[in-house]
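The values are calculated or read from the model by the stated rules, or taken from the named source; none is laboratory data. What you see is a predicted model; the values in this text were computed from it and never measured. All Cβ positions, even for glycine, are placed from backbone atoms using ideal geometry, and neighbour counts span all protein chains on display. Ligands, DNA and RNA are excluded from the accessible area calculation, which covers all protein heavy atoms including side chains. Shrake-Rupley method; radii C 1.70, N 1.55, O 1.52, S 1.80 Å.
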Amino acid sequence: MGCVALCRLDALGEGQARGFDPQGRGADSLFALRHRGRVRVYRNLCPHLLVPLEYRKDRFLSADGQWVVCYAHGARFRPEDGACVHGPCRGEALQVLVHQETDGWLLLPLVQLER
Ligand code: FES
């Protein structure tokens, strides 16, 4: 199965998030974050109106780094599973993308980008 390398794992520090545009479309279609040591990757799509979450490059988290935030209407999502706990899409969730961590790299299986 083919994978695309998103970044070095050590480039994603605790409480940080980073957007990626692996298909070269000019906008970040997914983002990765590290929360309590674990990396997660989500599609950059708010379940409320299916728009990107961030207000500028790589700003996916609240100021304290504890929540994923959609800046359109302030929805908050748990970083560990993407569940919306506050806002207009409460009860819905971000789409998790399965990733791999290999030889210090964060990899994403290409098959997920085709959906
Ligand atoms: S579009 Fe995300 S909260 Fe409305």
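Ignoring ligands, DNA and RNA, what accessible area per residue does the chain give at 1.4 Å, in Å²?
Numbers: 6290 Å² over 115 residues.
Counting only protein heavy atoms, the per-residue value for the chain is 55 Å².
Whats the longest run of the chain with zero GluC sites (Glu not before Pro) that are DSSP loop and have at most 13 other Cβ atoms within 10 Å?
Details: sites that count: 14, 80.
It works out to 15-79.
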> Size of the dipole of the chain about the Cα centre, Lys and Arg at +1 and Asp and Glu at -1 on the beta carbon, nothing else charged, in debye to 20?
Replying inline: 220 debye
> If you line up the Cα atoms of the chain on their principal axes, what length do they span on each, largest first, in Å?
Replying inline: 38, 29, 24
